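Below you'll find the structure, written out as structure tokens, and then a few comments.
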Amino acid sequence: MPVVLVFSRLRTQWHHGMAGRTGLRYPSAYPLLDRLHPSDPDAWDEALDDLQTMERAALDLFDELTED
């Protein structure tokens, strides 16, 4: 659940290109992940993996919504 909250807090931190959103701004994500797991590198890496999974799912959904 904590990574879902991080993802939610990044809702305004998307890169946009000519074709729409292209991914999250990771410099905005890193401080939030640092606060989530300040002294556990393995948990930090796992949280980043989870965040990237949510990012990919969101990008796929954005693509579906704009395919008309």
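The values are calculated or read from the model by the stated rules, or taken from the named source; none is laboratory data. Here the structure is a predicted model, which means the values were calculated and not measured. Neighbour counts are summed over all protein chains in view; Cβ atoms, including those assigned to glycine, are modelled from backbone coordinates with ideal geometry. The accessibility values were calculated without ligands, DNA or RNA, using every heavy atom of the protein model including side chains. Shrake-Rupley method; radii C 1.70, N 1.55, O 1.52, S 1.80 Å.
Show the residue pairs that are 6+ apart or on different chains and have beta-carbon atoms under 8 Å apart, the first residue being within the range 1-25 and hydroxyl-bearing (Ser, Thr, Tyr), the second being surrounded by 10 or more Cβ atoms within 10 Å (Cβ to Cβ).
Filtered contacts from the range 1-25: THR22/TRP14; THR22/HIS15; THR22/LEU59.
Among the residues of the range 5-36, count how many are closer than 30 Å to GLU67 by Cβ, in contact with a helix residue (DSSP H, G or I) (Cβ under 8 Å, 6 or more places away or on another chain) and open to solvent by less than 70 Å² (accessible area, probe 1.4 Å).
Going through the range 5-36 one residue at a time, the tally reaches 8.
Anything in the range 37-59 that is modelled with pLDDT under 95 and either closer than 12 Å to LEU10 by Cβ or crowded, with 16+ Cβ neighbours inside 10 Å (or both)? List them, or say none.
HIS37, the sole residue that qualifies.
Please state which of the following conditions GLU67 fails to meet, knowing it meets all the rest: (1) within 14 Å of the chain's Cα centre (by Cα); (2) at pLDDT below 95; (3) exposed (fewer than 13 other Cβ atoms within 10 Å of the Cβ).
Answer for GLU67: the failing condition is (1).
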